[in-house]
1. Give me the percent relative contact order of the chain, please, defined on Cα pairs under 8 angstrom at least 6 residues apart.
2. Peptides 437-446, 295-304: what's the order by average Cβ count within 10 Å, highest mean first?
3. Over the range 33-157, with every protein chain in place, what whole percent of the accessible area is carbon and sulfur at 1.4 Å, could you tell me?
4. Binning at 5 angstrom from zero up to the longest distance, how are the C-alpha pair distances of the range 1-126 distributed in percent?
5. Return one whole number: the accessible area per residue of the range 10-63 in Å², for a 1.4 Å probe.
6. Considering only lysines 8 or more places apart in sequence, or on different chains, count the pairs in the chain whose C-alpha atoms sit under 26 Å apart.
7. Which helices count as membrane-span-like in the chain under these terms: full DSSP H, at least 30 Å along the axis by C-alpha, Kyte-Doolittle mean of -0.5 or more?
8. Given R₀ = 30 Å, what would the calculated FRET efficiency be for residue 402 paired with residue 8, taking r from the Cβ atoms and rounding to 0.05?
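The values are calculated or read from the model by the stated rules, or taken from the named source; none is laboratory data. Please read all numbers here as calculations on a predicted model, not as lab measurements. Backbone-built Cβ (ideal geometry, glycine too); neighbour counts: all protein chains shown. Side chains included, ligands, DNA and RNA excluded: accessible areas come from the protein's heavy atoms. Shrake-Rupley method; radii C 1.70, N 1.55, O 1.52, S 1.80 Å.
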Amino acid sequence: MSDIVVFANTAITIVGVVVLILKAKVSPAIALVIGALYLGLVSGLGPEKTITSITTGFGDLMAEVGLLIAFGVLLGSLMTALGAIEKLVALLVRTFGPRALPYTFGSTIGTVLQSIFADVLLVITAPLASRLSRQIGPYGAARMCAAMALGIEVGLVFVLPGVGAVALAGVMNLSFGTMFVFGVVTAVFTIVTTLALFTALAKRGLWKPELDETEELPVAEDVEQPVPEGGEDGRGLPPLRLSLAPLLLALLLIAFGAIAEMVGFTSPVVDLLGNPVVALLIGLVGALVVARRTLPAERSAAAFRRGFHESGQILILTGVGGSLAQTVKDIGLGELLKGYFSTSTVLPLLLVWLVAAVLHIAIGSVVLASITAAGVLGPVMPLLGIDPVFVALAAGAGSLFVIHATSNTFWLLQTLLPQTTRGALKSVTFTVSCASVIAMVPIQLMALVF
């Protein structure tokens, strides 16, 4: 089979998946499986080999990331129930002051709080951002709206255990510790740099308060409020250091394991405790102990139910992304593309970014766009001498380009924050698109160095 036919079939697969999702309203998970099935059959794998590729890709990826996603979402659900977010934001205000709050707020959401499911994190933190936006000086609303958008979206694809980052690491068969370290560096740089750029542009006329802001602070009526001090049964919420300790412990263990691996230090204890699945399990057990001692039993149970519900759809979507990646690998696309690129990292990573960006514009799903781009092009990059971690990061960066009206997050950010739709197009669509481009700077630099 000629190279052109293989390339054409791959392109048809991508376009077909987009059409099935947008026009036929087919579930993204089903559309990806259909795409993988088509690609395998028309590329000469045959029925048996195609089915094997699909099931193997799904199973291998679930074995890699399934527990990590489940534990991360459950831990985040318990953190929400313990009221850790509100207390953490209050600490940030006291420590860094209101003027620096957008930077610390956005960076904290994009790193420390990524175990919490994105929509839940947004609904919980948006009222806090709205209240604080009036206290941080000129263009406070604009800066907090942008900080929220950047923290939610950038953290989702770069920082473990954010579901996008976990899915990308799984599709690329990456060490989770490596993804965590490089992802945190990329996320913090991107959030701070982009927010500084947006602030400068807002002060020079980009943001029009009379047109881009709403006069009344929005109220999230469906936000589940934390148990008040004293609790529903007389027990109060734990202090911040206790409620946040399980999550911080898990993140520290992951970081320590990643650094130990990078410097070549190994031991059975370090290998065990630094494994992200074990680290998150330790954090989850710790959070459960704290919740059981400080919250009513029914509230702890409700937090677990929410976590299981939220993780189900993520697991399925991630798994079928693995199915497509395995099929692409088995048809030999990597070997064919190898001859079309030099060993330079710049052009291949830009191609990954571009494919993810186009997919996101068409589909509107950050996670789906990123794992599809990584699944299609990921098998090619090791042949070019490019570390897969930078492919994952480039796919994540591209998937942030042009978050628009097809995104549920766009409308949540617009309605839960003090901004009009016009304002959201600036603080969300424009700002996160800038972040998508800015993120490629540290990604390309790190790819050249490491």
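1. 24
2. Highest mean packing first, the order is 437-446, 295-304.
3. Carbon and sulfur: 67 percent of the exposed surface of the range 33-157.
4. That works out to 2, 9, 13, 12, 11, 11, 10, 9, 9, 7, 4, 2, 1, in percent per bin.
5. In whole numbers, the range 10-63 has 50 Å² accessible per residue.
6. Lysine pairs meeting the criterion: 5.
7. Span-like helices here: 46-81, 176-201, 240-263, 297-330.
8. The computed FRET efficiency comes out at 0.70.
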